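The values are calculated or read from the model by the stated rules, or taken from the named source; none is laboratory data. Quick caveat, the model's predicted, so the values are computed rather than measured. Every residue, glycine as well, gets a Cβ built from its backbone with ideal geometry; the counts of neighbours run over all protein chains shown. For the accessible areas, the whole protein counts, side chains as well, though only heavy atoms, and no ligand, DNA or RNA atoms are used. Shrake-Rupley method; radii C 1.70, N 1.55, O 1.52, S 1.80 Å.
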Amino acid sequence: MVDHAGTLADRVWRRYDRKQQLIRYGVLLATVMVVYWAIRDIDIFWPWVWDAPNQISSLGARMWPPDPSRLAAITNALLETVHIATLATLLTIFIALPVSYIAAQNTTPNRACLWLGRFILVASRSVNTIIWALLFVAIFGPGVLAGILAIMFRSIGFIGKLMGEAIEEIDRRPVEAMEATGASKAKVIAYAVVPQVMPAFFAIVILRWDINIRESTVLGLVGAGGIGVILQGAIDTFAWPTVATILIAIIVLVLIGEAVTGLLRRKVL
């Protein structure tokens, strides 16, 4: 007689075979070990961690109610923050577009330009905005100029990389048709490349402007202008009700920026 029970048992479906299960368990074990090593190595003072809920409650009590006495100064600082983000985004366009052109494989003049463009994009994205701000504060001194340059140098990598990818994904047929007619390189770019990447260009610039508004709110913490200057001063003087007002104002600014960018996307795209 055929052992039907044994036959059915042999046919039980398993998502992973034994080798795959061992590999998955090994990866999971290695991940747990790395996380444990990282937690142990950063030397966390755990009593402060356990006391964090009490500290949060105490800080919240000191911040409430918000103090609106400096609302005029906070509003002016918010406008300065928006100006920093807007000017930096506009200046970025003039640098990021040529870089994206030489960083795209289908438009770069040669391999040297290709790697130069990609080096610029990687260098821009590798350094955080705060680090750029610290560098420019050291060069130009505290103020709005350092903030604008910090946001601009950070944005070059973002806009340039996404625009370069958009250029690489264009339809080659219009380009080849214009090249076959003997059109100059400038005309090929203007009439075959630019029309195809314009929707992506507007979407990327609008998105980056929204991001720059958020990043501009913290530049003042290192002396690069914007609302962060007032925030740092309020924290240093333990003016917690003013800190609460500033945080609420930042949230309102970000929400307005989100609404404006959403409206621009619907109108432009």
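Could you grab me the full set of residues in the stretch 202-235 that are open to solvent by 50 Å² or more (accessible area, probe 1.4 Å) and more than 27 Å from Gly160 (Cβ to Cβ)?
If the condition is that a residue be open to solvent by 50 Å² or more (accessible area, probe 1.4 Å) and more than 27 Å from Gly160 (Cβ to Cβ), then Val229, Gln232, Ile235 are the ones that fit.
Given the conditions (1) open to solvent by 40 Å² or more (accessible area, probe 1.4 Å); (2) assigned to a loop (DSSP other than H, G, I, E, B); (3) under 23 Å from Leu116 (Cα atoms), which single one is not true for Ile170?
(1)
Taking Ile39 as the residue in question, decide whether it is touching a residue at least 24 places away in the same chain (Cβ under 8 Å), open to solvent by 50 Å² or more (accessible area, probe 1.4 Å) and in a helix (DSSP H, G or I).
No, not satisfied.
Which of the residues belonging to the stretch 53-106 are within 26 Å of the chain's Cα centre (by Cα), hydroxyl-bearing (Ser, Thr, Tyr) and open to solvent by less than 60 Å² (accessible area, probe 1.4 Å)?
Thr81, Thr86, Thr89, Thr92, Ser100, Tyr101
Among the residues of the stretch 63-84, is any charged (D, E, K, R) and farther than 30 Å from Phe202 by Cβ?
Looking for residues that are charged (D, E, K, R) and farther than 30 Å from Phe202 by Cβ, one finds at least one in the stretch 63-84, hence yes.
Just a yes or no: is a residue in the stretch 143-159 surrounded by fewer than 15 Cβ atoms within 10 Å (Cβ to Cβ) and among the polar types (S, T, N, Q)?
Within the stretch 143-159, the first condition is being surrounded by fewer than 15 Cβ atoms within 10 Å (Cβ to Cβ), and the residues that meet it are 143.
Remaining after also requiring among the polar types (S, T, N, Q): none.
No, the conditions are met nowhere in the stretch 143-159.
For the stretch 235-269, give me the residue count where each residue is at pLDDT 80 or above and under 16 Å from Ile211 (Cα atoms).
14
Counting only residues that are of a type in the set (Val, Ile, Thr) and either in contact (Cβ under 8 Å) with a residue 24 or more places away in the chain or open to solvent by less than 40 Å² (accessible area, probe 1.4 Å) (or both), how many does the stretch 236-259 have?
Counting residues in the stretch 236-259 that are of a type in the set (Val, Ile, Thr) and either in contact (Cβ under 8 Å) with a residue 24 or more places away in the chain or open to solvent by less than 40 Å² (accessible area, probe 1.4 Å) (or both) gives 7.
If I filter the stretch 77-90 for residues that are of a type outside the set (D, E, K, R), assigned to a helix (DSSP H, G or I) and farther than 20 Å from Val254 by Cα, do I get at least one hit?
No - not one qualifying residue is present in the stretch 77-90.
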